[in-house]
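Structure first, then comments.
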Amino acid sequence: MATVLMFHRVLPEKLIKTPNAYTDFGTLISQEYLSEILQWLTDNKYKFIKISDIINYVNVDKILALTFDDGYADNFHYAYPILKKYNATATFFPLVSNSLENCVLPLDTYYQCVDELDLNENERRNYIKGDIKNKFYWAEPQIQRDMLKTLFNNLPKESRVDYMTVEQLIELSNNNFEIGSHGVSHSLLIADYMTEEKIISEMKNSKKWLESVIKKAVIAYCFPAGLYNYDMIKLAKKIGYKSVCLITKKDNIKPVLPAYTRFFVKPNSLDELKVQLNILNFN
């Protein structure tokens with residue numbers, strides 16, 4: 001079975017300012033580190049494939065699928081050139097609303113505001129990984145926008161991030177990269193505010209829009225934050241997806257579609273990745 005690696009944002013080291021909530025949470029790595037990872041994997045004879053091709057490599061060793069969540073524009077500007085350099089394909093899971101409306105997630109604004117606060121270590125941890133973050137993260141996107149106004153005195157007039165454009169998604173698709181769906185708004189599908197109608201809308205409308213853009217079938221779905229249940233996998237199959245990406249697979253979930261767990265590649269964790277790949281003799 002192939003190993004699936006999960007990435008998010010990628011920037012050159014010189015552009016990663018501190019403090020940085022993305023780095024602290026693990027969703028931002030340097031372009032140089034990505035290059036180091038791909039160099040090691042290439043040196044060790046790993047083959048890179050798309051998520052939708054995993055099913056064809058069930059009993060083949062050293063198969064890897066690389067995934068990039070959310071569709072940040074830095075994926076196009078800084079991950080894409082490195083991937084091409086190493087002749088590595090990948091599957092990108094963009095968020096439709098951000099590409100379509102040229103907007104950012106409330107979480108992006110949240111992180112930007114946190115980095116502008118004067119916080120001690122414990123306070124910062126609470127904002128990034130603690131109760132404050134959890135309450136914000138599990139709120140409905142519109143509620144999150146309202147919460148921003150109560151959590152922070154000043155909201156930034158300009159965001160420090162942006163998302164891939166239609167043209168960039170098309171270029172990736174036309175150059176041997178897979179475009180999968182990550183939903184419309186990054187709503188957490190198992191959250192209390194989600195109804196079956198909303199879940200179907202997230203899955204179906206994202207697929208429909210992406211297919212209208214890249215003129216290809218979109219058959220891989222990635223659950224936001226890896227959160228799902230059995231009924232959601234059944235819905236994904238009904239809507240037309242052929243596989244789903246998770247973070248951790250639930251033991252009691254019956255097989256409905258191929259469901260792939262993923263290893264979260266965090267900053268400067270190459271030794272951890274080697275262990276994950278069952279490599280005992282580190283180079």
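The values are calculated or read from the model by the stated rules, or taken from the named source; none is laboratory data. No experiment lies behind these values; they were computed from the predicted model shown. Here the Cβ is made from the backbone with ideal geometry for all residues, glycine too, and neighbour counts use every protein chain on show.
The figures follow:
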read-out	value
Residue in the range 64-74 that is touching a Lys or Arg at 6+ places or on another chain (Cβ under 8 Å), among the hydrophobic types (A, V, I, L, M, F, W, C) and assigned to a strand (DSSP E or B) present	yes
Complete set of residues in the range 124-144 that are exposed (fewer than 14 other Cβ atoms within 10 Å of the Cβ) and charged (D, E, K, R)	131, 135
Flag for residue 230 being among the aromatic types (Phe, Trp, Tyr), touching a residue at least 40 places away in the same chain (Cβ under 8 Å) and either touching a Pro at 6+ places or on another chain (Cβ under 7 Å) or surrounded by fewer than 16 Cβ atoms within 10 Å (Cβ to Cβ) (or both)	no
Of all residues in the range 96-123 being in a loop (DSSP other than H, G, I, E, B) and touching a helix residue (DSSP H, G or I) at 6+ places or on another chain (Cβ under 8 Å), the one that is surrounded by the fewest Cβ atoms within 10 Å (Cβ to Cβ)	117
Selection count where residues are part of a loop (DSSP other than H, G, I, E, B) and either of a type in the set (A, V, I, L, M, F, W, C) or modelled with pLDDT under 95 (or both), scope the range 124-141	2
Residue, farthest from residue 224 (Cα to Cα), within the range 29-88, restricted to residues that are among the acidic types (Asp, Glu) and buried (at least 21 other Cβ atoms within 10 Å of the Cβ)	74
Among the residues listed as 217, 225, the single one being assigned by TED's automatic domain parsing to the domain that holds residue 51, on the phi > 0 side of the Ramachandran plot and aliphatic (A, V, I, L, M)	225
Single condition residue 251 does not satisfy, out of (1) without any contact (Cβ under 8 Å) to a residue 24 or more places away in the chain; (2) under 19 Å from residue 64 (Cα atoms)	(2)
Selection count where residues are touching a Gly at 6+ places or on another chain (Cβ under 9 Å) and not in a strand (DSSP E or B), scope the range 229-248	4
Exclusive hit being in a helix (DSSP H, G or I), outside the structural domain of residue 48 (by TED's automatic domain parsing), under 29 Å from residue 211 (Cβ atoms) and modelled with pLDDT of 95 or more, set 144, 168	144
Every residue from the range 187-227 that is in contact with a Phe, Trp or Tyr (Cβ under 9 Å, 6 or more places away or on another chain), within 16 Å of residue 243 (Cα to Cα) and aromatic (Phe, Trp, Tyr)	221
Matching residues in the range 9-62 - criterion: being within 16 Å of residue 108 (Cβ to Cβ), assigned to a strand (DSSP E or B) and among the β-branched types (Val, Ile, Thr)	10
Among the residues listed as 206, 201, 173, 212, the single one being exposed (fewer than 15 other Cβ atoms within 10 Å of the Cβ), at pLDDT 95 or above and assigned to a helix (DSSP H, G or I)	212
The lone exception for residue 150 - which of (1) without any contact (Cβ under 8 Å) to a residue 40 or more places away in the chain; (2) surrounded by 20 or more Cβ atoms within 10 Å (Cβ to Cβ); (3) not assigned by TED's automatic domain parsing to the domain that holds residue 21 it fails	(2)
